[in-house]
1. Taking into account only those residues within the range 162-186 that are outside any loop (DSSP other than H, G, I, E, B) and polar (S, T, N, Q), which is modelled with the highest pLDDT?
2. Of the residues Trp98, Trp72, which single one is at pLDDT below 85 and either surrounded by 13 or more Cβ atoms within 10 Å (Cβ to Cβ) or under 21 Å from Glu128 (Cα atoms) (or both)?
3. Filter the range 1-21 down to residues that are under 13 Å from Val56 (Cβ atoms) and of a type in the set (Gly, Ala, Ser) and give me whichever is surrounded by the most Cβ atoms within 10 Å (Cβ to Cβ).
4. Give me the helices (runs of 4 or more DSSP H) completely within the range 1-80, filtered to those with at least 3 residues that are over 19 Å from Val137 (Cα atoms) and of a type in the set (S, T, N, Q), ordered by residue number.
5. If a residue must be in contact (Cβ under 8 Å) with a residue 40 or more places away in the chain and surrounded by fewer than 21 Cβ atoms within 10 Å (Cβ to Cβ), how many such residues does the range 39-65 contain?
6. Could you check the range 118-161 and list, in sequence order, the residues that are hydrophobic (A, V, I, L, M, F, W, C), at pLDDT 90 or above and not in a helix (DSSP H, G or I)?
Amino acid sequence: MKPDANQLVETAQRGDRAAAVGLIELFYERIYAFLRRLADNDADAADLTQRTFGHVWQALPTFAGRSSVSSWMHGIAYHVYVDWRRADHRSEPHSNEWWANRPAPEATPADIVAQTDLAAAVYGSVDELEPDLRPTVQLHYYQGLTLQETADALGVATSTVKYRLRQALAELQKKLDPEPNPLTSTANSRII
């Protein structure tokens with residue numbers, strides 16, 4: 001049975017190092033997978049993950065539980081990544097084959113898509129999204145955060161997350177299905 005993240009935080013806040021280690025063990029793979037997709041390489045992702053948990057340890061005494069532990073940690077990870085990018089670190093583009101060989105540690109919507117022929121195209125297309133859209137898609141779909149948790153992690157309103165996801169999905173649909181389907185177009189016009 002997985003330990004409860006909130007209990008681990010409370011215990012770690014009282015100085016229990018075993019609880020802090022348990023917290024890292026509970027979230028390390030998810031944070032690393034998120035940062036690996038953003039940073040585009042394993043070495044940078046590992047470094048960013050270490051930095052993230054350093055920040056988590058420093059901020060642990062101030063965690064008040066206004067968001068889930070997961071969204072709080074992903075928010076720290078996202079801000080560590082943004083600071084790293086501001087330091088002019090450029091990510092290297094990777095081939096679709098590279099992405100296909102790096103599945104998330106848990107079964108996510110991305111894992112399901114990875115089993116289809118479109119998986120490589122989806123990963124590649126997400127990589128090409130605008131800077132605000134890419135982490136939103138990755139947090140919500142790849143990491144499985146709720147809309148509220150994604151909003152908390154990115155420091156934006158839930159409505160902004162919804163807008164970004166709709167925009168990202170529209171862009172992905174255009175890239176992956178350049179020929180409009182008359183049945184789909186008619187159905188979409190009725191929805192609007």
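1. Gln167
2. Trp98
3. Result: Ala12.
4. 5-13, 42-59
5. Total satisfying the criteria: 7.
6. Leu145, Val156, Ala157
The values are calculated or read from the model by the stated rules, or taken from the named source; none is laboratory data. Since the model is a prediction, treat every value here as computed from it, not as a measurement. Don't worry about glycine lacking a Cβ; one is built from the backbone with ideal geometry, like all the others, and counts go over all protein chains shown.
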